[in-house]
Structure formats: C-alpha cells, structure tokens
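To start, the structure under review is shown below, and the notes come after it.
Nothing in this text is a laboratory measurement; each read-out follows from the coordinates by a stated rule. Predicted, not measured: the structure shown is a model, and the values here were computed from it. Please note: Cβ atoms are built from the backbone with ideal geometry, for glycine as well, and neighbour counts cover all protein chains shown.
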C-alpha cells in the first residue's frame with residue numbers, strides 16, 4: 001500500500017476533531033422546582049449563565065404510545081441569574097424532560113424529570129398545596145419591613161390562600177421571632193364556602209426581621225399531606241408586579257393595598273410562594289396592629305420561670 005494512503009485515516013481523524021463546533025460546555029444546568037403549571041414562569045440556571053442566552057428550550061414527554069415535544073416561546077434572559085420561560089400548553093405528565101437545544105453542542109438534558117400540568121392537576125394534589133406565583137420573582141432592592149408581622153398574609157393572585165402568623169410574646173408583650181404553633185395557621189379564607197387541604201393547619205418556625213430571614217414549617221399531617229418546610233425573606237413590593245390597590249378578599253373587614261411582602265421557597269418542591277400582608281379596616285385606622293389578647297395566645301407568652 002502506498003505509504004501516503006496509510007496516513008489518510010489519521011489525517012481525516014485529526015481534521016474532524018480539529019473542526020469541532022464552537023460548543024461552550026455547560027458545567028451546571030438546573031431548574032428551581034419540580035412541579036409547574038401551564039403559563040407559570042420558571043427559572044433555568046447554568047454555569048456559566050451566559051450559555052443560556054439566546055438558547056431554545058424544549059419540553060419533551062415520552063410514553064409507550066406517544067412522544068410529545070413543545071418549544072418554549074416566551075423566554076427572557078436575565079444576566080447573572082438565568083433564563084426565565086413560561087411553561088407552554090400542550091405538554092403534560094409526571095415524566096417531562098427539559099432540553100436545552102444548542103446547535104453546536106446538541107440537546108443538553110436537565111437530567112431529572114419534571115411534573116407539568118394544568119391548574120386542575122395541582123388543585124387537590126397533596127404534594128403541591130400552596131399556589132405558585134405565575135411569575136418568578138427575583139429580589140433586587142432592600143425591602144420595607146412591616147412594623148409587626150402578626151395577622152394575615154395572603155397570596156397576591158389566589159387570595160383565598162392565607163398564612164395567619166402569631167408569635168411567642170416577650171415580657172413586654174411584643175413579638176419575638178418565634179411563631180406560636182398554638183395560634184399560627186395555614187388557612188383557606190373560605191370565601192366560596194368550600195373546605196381545602198390547606199385549611200386550619202399548624203405553622204411553626206421563625207420570622208427574623210432583624211436579619212431578614214424566614215424559616216417555617218406547615219404541618220398538614222391531619223390531612224395526610226405531611227409537613228412542608230419553607231425558607232425565604234421579606235422583599236420589596238416594587239420588585240414584583242403585585243403592588244398598588246387590590247380587591248380585598250370576601251369584602252370587609254379587609255382593605256386594599258399591599259405594602260409588605262415575603263418570598264419563601266418550598267424545600268420539598270422548590271416552588272416559590274409569595275405572600276403580602278393583608279390589612280384590615282382596624283389596621284388602616286391604626287388600631288389593628290396593636291397586640292390583641294387571644295385566649296390561646298396565653299400559651300405563647302414569655303415565662304421567665
């Protein structure tokens with residue numbers, strides 16, 4: 001054989017690998033959360049973040065009988081944060097794969113399955129009880145902290161969902177950072193008269209205003225739904241689209257207005273839960289935030305002995 005011909009395979013192998021596309025490896029690729037509703041906004045993170053800019057995202061669901069792929073059409077890249085996108089309709093299931101469609105590197109998989117469905121799928125699902133926000137919130141500016149945290153904190157989009165916070169009181173009857181489990185509750189405001197999985201469940205943990213740190217648990221074991229842990233912080237209303245006047249839930253004694261918000265994330269599902277402090281007519285008049293005695297609250301008063 002001609003010695004030159006023997007070198008051809010070596011030459012072509014070298015040529016092929018020396019002409020690899022401009023592929024920037026993705027060292028880390030993840031999604032915050034694992035259960036998403038259609039039209040909900042989710043965040044994709046990567047390292048480096050820049051590899052997500054201008055990329056297409058594909059949702060892929062496969063079963064024995066069919067394979068469905070849907071491309072995300074509403075996306076926005078946030079530098080140093082990640083790629084935000086809305087979950088498109090037309091894709092459902094508890095085994096949905098998320099793919100980053102890179103023309104140079106090829107499809108890059110998230111590496112874990114996601115649960116995707118419509119609102120009805122999650123409505124009575126014990127694994128996804130608190131309603132998520134339709135928009136992914138990214139805190140930017142320093143928050144204005146509430147003078148007192150006690151009383152009602154409602155979901156800004158589904159105002160039937162309420163967390164009612166009461167605290168262990170110090171020797172001066174002022175709030176400490178420790179929630180009182182005897183009187184803090186996850187509640188349905190029950191505006192339509194229907195009971196919910198999230199009605200009358202105990203809440204315990206801490207809300208530390210001084211360090212802007214929130215960490216609490218919701219005990220739904222009486223509903224056979226387990227215990228869910230949340231961690232987060234107070235946020236500035238201006239960092240959200242949920243400010244301004246609002247239509248109060250169920251009418252009086254609520255009043256419009258959202259001045260204080262908190263953003264917490266479920267450690268079980270990774271879903272964001274945003275809550276705002278809902279004032280009453282008494283709050284608006286300056287009387288509502290005064291400490292009011294409740295019989296059960298005596299269980300949570302400071303006892304120096």
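Laid out as a table, the results:
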item: Pair residue 157, residue 56: separation of 7 Å Cα→Cβ label points (nm); result: 2.7 nm
item: Among 42-53, 136-147, the order from most to least packed when residues are scored by Cβ within 10 Å on average; result: 42-53, 136-147
item: Approximate spin-label separation residue 268-residue 123, in nm, with each point projected 7 Å along Cα-to-Cβ; result: 2.1 nm
item: Cα gyration tensor shape for the stretch 70-161, rounded if a/c is under 1.5, else prolate or oblate; result: oblate
item: Pairwise FRET efficiency - residue 76 versus residue 223, Cβ, R0 = 35 Å, nearest 0.05; result: 0.40
item: Contour minus Cα-Cα distance for residue 138 and residue 236 (0.36 nm per residue); result: 34.3 nm
item: Cα shape, the stretch 28-121, gyration tensor, a/c 1.5 rule; result: prolate
item: Overall form of the stretch 130-285 per C-alpha gyration tensor (a/c, 1.5; a/b vs b/c); result: rounded
item: Ranked packing of 161-169, 82-90, most packed first, by mean Cβ within 10 Å; result: 161-169, 82-90
item: Mean Cβ count within 10 Å, highest first, over the residues of peptides 153-159, 240-246; result: 153-159, 240-246
item: Cα centroid separation, the stretch 90-124 to the stretch 259-283 (Å); result: 27 Å
item: Contact order normalised by residue count of the stretch 28-121, Cα under 8 Å, 6+ apart, percent; result: 32 percent
